Amino acid sequence: MEFEVASLDGLKKLIEGCTRCPLSTGRTKIVFGMGNPTSKLMFVGEAPGRVEDERGLPFVGPAGKLLDELLAGIGLRREDVYITNVVKCRPPGNRDPNPGEIETCNPFLSEQIRLIEPRIVCSLGRVAAGVMLRKNVQISRIHGERFSGPGYFNVVAFHPAAALRTPETLELVKSDFQKLSSYLHDSELPPEPPRPEPEQMGLF
């Protein structure tokens, strides 16, 4: 980890004005994240879209409206969860973030997870699922499933934007959220997070 801060506000201030990758040259606003900073459920999308870039908030366009409806369907509100993205700046043309951009922004996402300490991280879409599971994935094969992560469970769901394009995918993402709700209410605990290695004292 490149850094450690004491709070989400501290992390947000740290990345204000970030120019670590070329996405910074085309953005309007950094889209850091929003929601309950102590939530046990955290959502991770792939990247901000046009509306998110304009407002500096995640999932506030059409996909965000559907996300609100999906949350309401399992008895939750946006204020109950935390929402962020793999990268914090909008890729041009709404393309997928490339591996270099993901790698550059990954320390920020990792620090958000460390500070929030969620029980479940729900990856929305193929890109986010690949980042969280650290491998290439076929979302059609693993959506709705739960995987063990370092201190939390990973759950994979279709991205709401995909559900807006086809009625079939909308039914699948609704099913994913019902499974997510069942995972939230079961008693199984996530794996313990890895413990930092103790510092070795010098002889002198």
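The numbers here are math on the coordinates, done by the rules we state, and not lab data. Remember, it's a predicted structure, so these values are computed and weren't measured experimentally. Don't worry about glycine lacking a Cβ; one is built from the backbone with ideal geometry, like all the others, and counts go over all protein chains shown.
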Open item on the list: If I model a spin label as a point 7 Å beyond the Cα along the Cα-Cβ vector, how far apart are those points for residue 168 and residue 13 in nm?
Closed with: 5.1
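Let me know the whole percent of all Cα-Cα pairs from the stretch 134-175 that are separated by more than 14 Å.
For the stretch 134-175, the fraction of Cα-Cα distances above 14 Å is 50 percent.
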Open item on the list: On a 27 Å Cα-Cα criterion, which of the cross-link pairs 29/135; 65/179; 12/179; 29/174; 12/174; 12/40 come out too long?
Closed with: 29/135; 12/179; 29/174; 12/174
- [ ] Could you tell me the largest-minus-smallest coordinate of the C-alpha atoms of the stretch 1-64 on each of the three principal axes, in descending order and whole angstroms?
- [x] 32, 30, 17
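Neighbouring Cβ atoms within 10 Å as the yardstick, rank 115, 180 fewest first.
Result, fewest neighbours first: 115, 180.
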Task: Contact order normalised by residue count of the chain, Cα under 8 Å, 6+ apart, percent - done: 21
TODO: Quick one: check the C-alpha center-to-center distance for the stretch 97-136 versus the stretch 3-21, whole angstrom.
DONE: 16
Task: Residue-averaged 222 nm ellipticity for the chain, from DSSP H runs of 4+ at -39500 (n - 2.57), nearest 500 - done: -11500 deg cm²/dmol
- [ ] Enumerate by residue number the GluC sites (Glu not before Pro) in the stretch 97-203 meeting two conditions: DSSP loop (anything except H, G, I, E, B), and at most 16 other Cβ atoms within 10 Å of the site's Cβ.
- [x] 145, 188, 199
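Taking neighbour counts of Cβ atoms within 10 Å as a proxy for exposure, in what order, fewest first, do 166, 28, 19 appear?
19, 166, 28
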TODO: First select every other residue whose beta carbon is under 12 angstrom from the beta carbon of residue 174; then total the charges, Lys and Arg +1, Asp and Glu -1.
DONE: -3
Task: Å³ per residue enclosed by the Cα convex hull of the chain - done: 136
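Determine the gain in length on full extension of the stretch residue 4-residue 74; use 0.36 nm per residue of separation and subtract their C-alpha separation, reporting nm with one decimal. Don't skip to the answer; put the middle values down first.
Values: separation 70, 0.36 × 70 = 25.20 nm, distance 3.39 nm.
Working it through step by step, the gained length comes to 21.8 nm.
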